[in-house]
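The values are calculated or read from the model by the stated rules, or taken from the named source; none is laboratory data. Keep in mind the model is a prediction, meaning the values are calculated, not measured. Methodologically, a virtual Cβ is constructed for each residue, glycine included, from the backbone with ideal geometry; neighbour enumeration extends over all protein chains shown. Areas reflect the complete protein model, heavy atoms only, side chains present, ligands, DNA and RNA absent. Shrake-Rupley method; radii C 1.70, N 1.55, O 1.52, S 1.80 Å.
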Amino acid sequence: MEPILYLTRGEVRRLLPPWEAQIDLVADTYRSMAAGRVELPPKPGIHPRQDAFIHAMPAYLEDTDVAAIKWVAGYPTNKALGLPYINGLMIVNDAATGMPIAIMDAAEITAARTAAASGACIRQWAPAGWTRAAIIGCGEQGRYHAEMIASLYPAAELSVYDPDPARVESMPVPVTGHPSVQQAVAGAEVVVTLAPIVQPPAPTLQRAWLGDRFLALPADFNASFLAEVSADADLFLADDIGQYRYYQEQGQFGGWGVPGRTAGQEIDTPNTSRRVVCCNLGVGALDAAFAGVVLQAAAGTDLGIRLPV
């Protein structure tokens, strides 16, 4: 039996491709999902503490023959302990035999693929000629989103809000901090919300705070946006409608409708909508796709530790 390759977070980051390629990978995976070439069961989860979760996220990608699972935890209270909000592991299996072939850090893949999913949406559905993006929440996801947007759209202005000024100061690219969500989103055509997901949600972001043209990306579910924002959208999408319905049953997205289409079904359709909302809930297919690319890039290098079986 071959040893199992273990890759740390730093190694995973080194092996990931540039942002443009990551966004292409997201778009290709969404297309495969829409075409029925991805096996993506609902992600089961346990909740050992209030507002915490530990999820299992398996996926099989027919196009690339990648089978993988992410075991990921999210604990909002970890900040007070000096620990990351999100942590986890990816396990990749040989699709032909089922044998495990790699274990790698999942926090880096989670942060990167979430930002890349937003990047795919910005590329496809941001209003033409947009100049300003707002990021609500300057934790790890906020930092990765800022890095992604600045890399691909260097002329864009980045407005941000976070209740912790130190997080605003730690953003990896130049941003303009604001004292409130309302001020941060004023004039922004692209709005990404990345607040902690808690129960019950306490959204405050009103439709009246946004302009006539916008792309809203509620990566934090309904922690920030009020339902009226999605109700006014010309195009309302989700990465996985079945998963969206599941979360509604669990108490998320109260008062929201159900997306009419998936991102994969619309990714190649010319955008004629002025107001778009896309709920990227986070799907295991993206984690598997990113893990597959990392594993392929690791081949022939001396990165990682070979674990005996």
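I91: in contact (Cβ under 8 Å) with a residue 12 or more places away in the chain, touching a Phe, Trp or Tyr at 6+ places or on another chain (Cβ under 6 Å) and either open to solvent by 40 Å² or more (accessible area, probe 1.4 Å) or closer than 23 Å to Q22 by Cα (or both), yes or no? Walk me through how you get there before you give the answer.
On the way: in contact (Cβ under 8 Å) with a residue 12 or more places away in the chain: yes; touching a Phe, Trp or Tyr at 6+ places or on another chain (Cβ under 6 Å): no; either open to solvent by 40 Å² or more (accessible area, probe 1.4 Å) or closer than 23 Å to Q22 by Cα (or both): yes.
In short, no.
Identify all residues within the range 265-309 that are assigned to a loop (DSSP other than H, G, I, E, B), open to solvent by 40 Å² or more (accessible area, probe 1.4 Å) and more than 20 Å from A219 (Cβ to Cβ); write none if there are none. Lay out the reasoning, then the answer.
Going residue by residue through the range 265-309, those that are assigned to a loop (DSSP other than H, G, I, E, B) are 267-274, 280-283, 299-304, 308-309.
Subset that is open to solvent by 40 Å² or more (accessible area, probe 1.4 Å): 268-272, 274, 299-302, 308-309.
Once the filter is applied, which keeps residues that are assigned to a loop (DSSP other than H, G, I, E, B), open to solvent by 40 Å² or more (accessible area, probe 1.4 Å) and more than 20 Å from A219 (Cβ to Cβ), the range 265-309 yields D268, T269, P270, T272, R274, A299, G300, T301, D302, P308, V309.
Identify the single condition in (1) among the hydroxyl-bearing types (S, T, Y); (2) at pLDDT 95 or above; (3) under 29 Å from D105 (Cα atoms) that Y246 does not satisfy, given that it satisfies every other one.
Going through the list (1) among the hydroxyl-bearing types (S, T, Y); (2) at pLDDT 95 or above; (3) under 29 Å from D105 (Cα atoms), Y246 breaks only (2).
All but one of (1) open to solvent by less than 50 Å² (accessible area, probe 1.4 Å); (2) part of a loop (DSSP other than H, G, I, E, B); (3) of a type outside the set (F, W, Y); (4) out of contact with any strand residue (DSSP E or B) (no Cβ under 7 Å at 6 or more places or on another chain) hold for P42, so report the exception by its number.
Condition not satisfied by P42: (1).
Quick check: is even one residue across the range 58-78 assigned to a helix (DSSP H, G or I) and either under 22 Å from A238 (Cα atoms) or of a type in the set (G, A, S) (or both)? Spell out how you get there, then give the answer.
Applying the first criterion (assigned to a helix (DSSP H, G or I)) to the range 58-78 yields 76-78.
Now narrow it down to the ones that are either under 22 Å from A238 (Cα atoms) or of a type in the set (G, A, S) (or both): none.
So far as the range 58-78 goes, no, none of its residues is assigned to a helix (DSSP H, G or I) and either under 22 Å from A238 (Cα atoms) or of a type in the set (G, A, S) (or both).
Taking only pairs six or more apart or across chains, which ones have beta-carbon atoms under 8 Å, a first residue in the range 223-236 that is at negative phi and surrounded by 15 or more Cβ atoms within 10 Å (Cβ to Cβ), and a second residue that is among the β-branched types (V, I, T) and not in a strand (DSSP E or B)?
If the second residue must be among the β-branched types (V, I, T) and not in a strand (DSSP E or B), the pairs left are A223/I197; A223/V198; S224/V181; S224/T204; L226/T204.
Quick test for you: out of A155, A166, A134, pick the one residue that is surrounded by fewer than 23 Cβ atoms within 10 Å (Cβ to Cβ) and either among the β-branched types (V, I, T) or under 23 Å from L210 (Cα atoms) (or both).
Values: A166 fails: either among the β-branched types (V, I, T) or under 23 Å from L210 (Cα atoms) (or both); A134 fails: surrounded by fewer than 23 Cβ atoms within 10 Å (Cβ to Cβ).
Selected residue: A155, the only one of A155, A166, A134 that is surrounded by fewer than 23 Cβ atoms within 10 Å (Cβ to Cβ) and either among the β-branched types (V, I, T) or under 23 Å from L210 (Cα atoms) (or both).
With the structure loaded, tell me whether I101 is under 30 Å from P308 (Cβ atoms), open to solvent by 20 Å² or more (accessible area, probe 1.4 Å), assigned to a strand (DSSP E or B) and touching a residue at least 60 places away in the same chain (Cβ under 8 Å) or whether it fails that test.
Answer is yes for this residue.
Just checking, which of D240, D220 is buried (at least 23 other Cβ atoms within 10 Å of the Cβ), touching a residue at least 40 places away in the same chain (Cβ under 8 Å) and within 15 Å of the chain's Cα centre (by Cα)?
Within the list D240, D220, the selection yields D240.
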